[in-house]
Amino acid sequence: MVIESVPNVSEGSRLQIVDALATAVRSTPGVMLLDHSADAAHNRSVFTLAGPPPAVEEAVLKLYAHAVAAIDMRTHRGVHPRIGALDVVPFIPLAGATLEDCVDLARRVGARVAATLHVPVYLYEAAATTPARRKLEDVRRGQFEGLAAKMARPEWAPDFGPALPHPTAGATVIGARHPLIAFNVNLSTDRLDVAARVAATVRQSSGGMPAVKAIGVPLTDRGLVQVSLNLTNYEVTPIEQLFAAVKAEAARHGVEVLESELIGLIPQAALAGTTPAALMLTNFSPDRILESRLARISEDK
């Protein structure tokens, strides 16, 4: 049985911390670190790892311990929504695994994080204990700055752990889901209102495309804006259709797409109707395909 996990850590500027987190994963027997990346503007790093459930569990717990010790959310700044040092940890079924296996793993990890590190834990997606907690954006609404007030409401008591935020690490969200494609589309303008309108047009919650989540964020250091996208089911909305919709909506506001970038890995099947060049992906290589990366690392081991 192989389970994938994609922890998102609220640190993308201090690369020594990101490197230490990657080393913690690599040092866990049975776990493959498939990919990791850091983004200073988002002040966030994303790790993709896979292995049998017990090994993945231990690797994720190592990440929690390192992140809680190294990151103080009281001084954290970045354009990406977040509520904690290790903000979100999804578990995804791969070979021989089911979504229920991932739900079980999410609950085990959540209980251990709360017991050992005293970080409040919310369960989301397939592991959610109430419909209100199923969507990550609902759990994370208010961000770290509004977390204490949110947790004071009875309906937002955590699934595991204390009823107050951890003083420096905030809270964390753990769940189980199917594969997700995360990618960003950069626009050749500094107008945040355009990125926000494009995001609102394409995302499902605003009446746009099914299985699409999107926000507009500024890339101040580059003088650009970005449409940050999550495609939760590429069979419902193919990635090429989503990219075309972003491009068309930006053009409607007189703005061109400059480039796009993949965050983490992409399933091979998601590229069946398109090419990286057509998607204007700037950071693509065959190693960014999930199946290719798994095969290559398995051979190396």
Considering the stretch 276-301, residues that are part of a loop (DSSP other than H, G, I, E, B) and within 23 Å of the chain's Cα centre (by Cα), and then whichever is surrounded by the most Cβ atoms within 10 Å (Cβ to Cβ), we arrive at Leu279
Looking across the stretch 164-195 at residues that are more than 21 Å from the chain's Cα centre (by Cα) and polar (S, T, N, Q), the single one that is farthest from Arg288 (Cα to Cα) is Thr189
The condition of being surrounded by fewer than 19 Cβ atoms within 10 Å (Cβ to Cβ), β-branched (Val, Ile, Thr) and not assigned by TED's automatic domain parsing to the domain that holds Ile263 holds, among Thr28, Thr75, only for Thr75
Just one listed residue, out of Glu259, Glu235, is over 27 Å from Met32 (Cα atoms) and assigned by TED's automatic domain parsing to the domain that holds Asp190, and it is Glu259
Restricting the stretch 121-161 to residues that are assigned to a helix (DSSP H, G or I) and of a type in the set (Lys, Arg), the one surrounded by the fewest Cβ atoms within 10 Å (Cβ to Cβ) turns out to be Lys150
Checked against (1) at pLDDT 95 or above; (2) over 18 Å from Asp87 (Cα atoms), His178 satisfies every condition except (1)
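Taking the stretch 1-25 as the search range and keeping residues that are among the charged types (D, E, K, R) and more than 16 Å from the chain's Cα centre (by Cα), which one is surrounded by the most Cβ atoms within 10 Å (Cβ to Cβ)?
Going residue by residue through the stretch 1-25, those that are among the charged types (D, E, K, R) are 4, 11, 14, 19.
Next cut, more than 16 Å from the chain's Cα centre (by Cα) only: 14, 19.
Numbers: Arg14: 15, Asp19: 13.
Restricting to residues being among the charged types (D, E, K, R) and more than 16 Å from the chain's Cα centre (by Cα), the top hit is Arg14.
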Taking the stretch 109-157 and keeping only residues that are within 28 Å of His178 (Cβ to Cβ), in contact (Cβ under 8 Å) with a residue 40 or more places away in the chain and hydroxyl-bearing (Ser, Thr, Tyr), one is left with Tyr122, Tyr124
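The values are calculated or read from the model by the stated rules, or taken from the named source; none is laboratory data. Since we're looking at a predicted model, the values are computed, not measured. Every residue, glycine as well, gets a Cβ built from its backbone with ideal geometry; the counts of neighbours run over all protein chains shown.
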